[in-house]
Amino acid sequence: MQRYARIVGTGRYLPETELSNAEFAERMDRVSPGLGQIVAKFEESSGIKRRFRAPREWATSDLAVRAAQAALDAAGLKPEQIDLILLGTDSPDYITPATSVVVQHKLGAKNAGTFDIGCACASFPTAMSAGAGYIAANPWIKNVLCIGAYMMSKLADENDITSFFYGDGAGAAVLTAGDKPGFVSSAFNADGAYHKNWGIYSGGTYEPATCESIQAGRTKVKLLERYPPEVNHQGWPKVTRLLAERGGFELDEIDHLIFTQVNTNSISLVMADLGLPVERAHQIMHEMGYTGSACIPMALDDAMRKGKIKPGQLVALVGSGVGYNQAGAAFRM
């Protein structure tokens with residue numbers, strides 16, 4: 001009997017402390033008078049109106065554990081019933097060990113193996129595809145916990161205008177083995193020529209952290225060169241069409257599309273390219289800000305809890321992250 005991975009529970013965690021665009025603009029004007037005016041332009045193009053901050057003594061794993069527990073509660077499972085934890089983040093607790101190991105310990109998932117996925121905002125669709133594959137290929141794996149977590153605000157210079165985009169949060173989903181789809185298809189796309197555009201470039205083997213690199217701000221996340229718009233405007237439709245081709249369905253059969261929650265105008269352009277109504281693309285950035293590796297599972301959970309996603313509907317998750325990496329996963333709910 002063929003085994004499929006079904007989504008049986010989702011969850012999210014959004015911190016309580018809000019930082020509005022007005023407050024952020026005031027901060028930027030204190031850095032440099034007039035800089036706050038850029039915030040209004042960012043809001044208009046992105047749709048982001050606020051972001052949330054976790055306590056500064058927390059780590060990414062603290063966000064992940066809370067979202068994971070919410071997903072387990074929704075699935076009616078206990079932590080010890082999880083066989084595998086896949087954690088996607090580009091704001092890990094440590095360079096090593098893996099943050100997923102920390103989450104496993106804090107969650108009490110004593111029977112689970114773990115590994116991290118470092119594809120930035122493409123991490124969650126990658127994790128969901130990988131989790132589905134592990135379930136299909138390994139009869140002993142029944143329950144897989146996939147998490148996306150983000151705390152880039154703690155690795156950013158808060159006096160830099162690009163901090164506008166960094167909100168904290170985490171989302172999760174539980175995959176369980178079943179005899180009916182479930183998982184339908186996956187797609188991946190990458191172009192490492194952009195690896196020097198946006199990232200944290202000191203602290204690894206390329207440049208180990210030094211007093212000089214810390215003082216120069218190179219251990220903080222930096223946007224060095226903007227990505228051309230076509231990276232997402234062409235990449236997201238490409239990934240979506242690959243999901244349809246490989247999954248044997250037509251584009252208009254997709255009931256819900258969840259993209260990386262970074263730019264509402266990009267989502268509108270991509271939906272027009274696909275010939276689909278923009279209402280099928282669930283969006284949360286106006287309410288929760290941009291939460292990087294966490295934004296897709298957070299949006300998925302939001303759509304689930306609002307009753308937008310119904311049993312039997314087809315959902316496509318399409319993410320795009322620095323590097324760049326792009327990934328998609330399609331599921332029948």
In the range 181-199, which residue that is part of a loop (DSSP other than H, G, I, E, B) and surrounded by 18 or more Cβ atoms within 10 Å (Cβ to Cβ) is modelled with the lowest pLDDT? PRO181
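Only one residue in ALA98, ALA149 is of a type in the set (Gly, Ala, Ser), in contact with a strand residue (DSSP E or B) (Cβ under 9 Å, 6 or more places away or on another chain) and in contact (Cβ under 8 Å) with a residue 24 or more places away in the chain. Which one? Steps first, answer last, please.
Values: ALA98 fails: in contact (Cβ under 8 Å) with a residue 24 or more places away in the chain.
Testing whether each residue is of a type in the set (Gly, Ala, Ser), in contact with a strand residue (DSSP E or B) (Cβ under 9 Å, 6 or more places away or on another chain) and in contact (Cβ under 8 Å) with a residue 24 or more places away in the chain leaves just ALA149.
On the basis of being in contact with a strand residue (DSSP E or B) (Cβ under 6 Å, 6 or more places away or on another chain), surrounded by 20 or more Cβ atoms within 10 Å (Cβ to Cβ) and under 21 Å from PHE188 (Cα atoms), does GLY292 make the cut?
Details: in contact with a strand residue (DSSP E or B) (Cβ under 6 Å, 6 or more places away or on another chain): yes; surrounded by 20 or more Cβ atoms within 10 Å (Cβ to Cβ): yes; under 21 Å from PHE188 (Cα atoms): yes.
Considered against the rule, which asks whether it is in contact with a strand residue (DSSP E or B) (Cβ under 6 Å, 6 or more places away or on another chain), surrounded by 20 or more Cβ atoms within 10 Å (Cβ to Cβ) and under 21 Å from PHE188 (Cα atoms), GLY292 comes out as yes.
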Unique match (being outside any helix (DSSP H, G or I), modelled with pLDDT under 95, under 30 Å from ASP301 (Cβ atoms) and aliphatic (A, V, I, L, M)) among VAL262, VAL174: VAL262
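Would you point out the residue of the range 271-287, among those that are in contact (Cβ under 8 Å) with a residue 24 or more places away in the chain and farther than 20 Å from MET128 by Cβ, that is surrounded by the most Cβ atoms within 10 Å (Cβ to Cβ)? Outline the logic, then answer.
So in the range 271-287, the residues in contact (Cβ under 8 Å) with a residue 24 or more places away in the chain come out as 273-276, 280-283, 285-287.
Now narrow it down to the ones that are farther than 20 Å from MET128 by Cβ: 273-276, 285-287.
Values: ASP273: 15, LEU274: 20, GLY275: 9, LEU276: 17, MET285: 25, HIS286: 14, GLU287: 16.
So the residue we want is MET285.
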Going residue by residue through the range 63-80, is there one that turns out to be touching a Pro at 6+ places or on another chain (Cβ under 9 Å), surrounded by fewer than 24 Cβ atoms within 10 Å (Cβ to Cβ) and of a type in the set (A, V, I, L, M)? yes
Verdict on GLU287 being of a type outside the set (A, V, I, L, M) and more than 21 Å from ARG12 (Cα to Cα): no
The conditions are (1) touching a Lys or Arg at 6+ places or on another chain (Cβ under 8 Å); (2) modelled with pLDDT of 95 or more; (3) of a type in the set (D, E, K, R), and LYS142 fails exactly one of them. Which is it? (1)
Note on PHE42: of the conditions (1) under 21 Å from the mean Cα position of the chain (by Cα); (2) among the hydrophobic types (A, V, I, L, M, F, W, C); (3) loosely packed, with under 14 Cβ neighbours inside 10 Å, unmet is (3)
When SER293 is evaluated against the numbered criteria (1) outside any helix (DSSP H, G or I); (2) closer than 22 Å to ALA67 by Cα; (3) hydroxyl-bearing (Ser, Thr, Tyr), which criterion, by number, is the only one it fails? (1)
If you take the residues in the range 99-128 that are under 17 Å from the mean Cα position of the chain (by Cα) and in a loop (DSSP other than H, G, I, E, B), which one is surrounded by the most Cβ atoms within 10 Å (Cβ to Cβ)? CYS119
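From the set of residues in the range 7-54 that are of a type in the set (Ser, Thr, Tyr) and in a helix (DSSP H, G or I), which is farthest from LEU317 (Cα to Cα)?
The initial filter retains those residues of the range 7-54 that are of a type in the set (Ser, Thr, Tyr), namely 10, 13, 17, 20, 32, 45-46.
Still in the running and in a helix (DSSP H, G or I): 45-46.
Values: SER45: 22, SER46: 19 Å.
Only one residue fits best here, namely SER45.
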Which one is farthest from the chain's Cα centre (by Cα) among residues in the range 249-259 that are part of a loop (DSSP other than H, G, I, E, B) and among the hydrophobic types (A, V, I, L, M, F, W, C)? PHE249
Search the range 55-71 for residues that are acidic (Asp, Glu) and assigned to a helix (DSSP H, G or I) and pair each with any residue that is surrounded by fewer than 24 Cβ atoms within 10 Å (Cβ to Cβ) and at pLDDT below 95 when their beta-carbon atoms are under 8 Å apart and the residues are at least 6 apart or on different chains. none
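Tell me whether the range 302-312 contains one or more residues that are more than 24 Å from ALA74 (Cα to Cα) and among the β-branched types (Val, Ile, Thr). Give the steps one after another, and end with the answer.
Filtering the range 302-312 down to residues more than 24 Å from ALA74 (Cα to Cα) leaves none.
Scanning the range 302-312, I find no residue that is more than 24 Å from ALA74 (Cα to Cα) and among the β-branched types (Val, Ile, Thr), so the answer is no.
The values are calculated or read from the model by the stated rules, or taken from the named source; none is laboratory data. Predicted model, so just to flag it, every value in this text is computed and none were measured. When we count neighbours, we look across all protein chains shown, and the Cβ atoms used for this are built from the backbone with ideal geometry, even at glycine.
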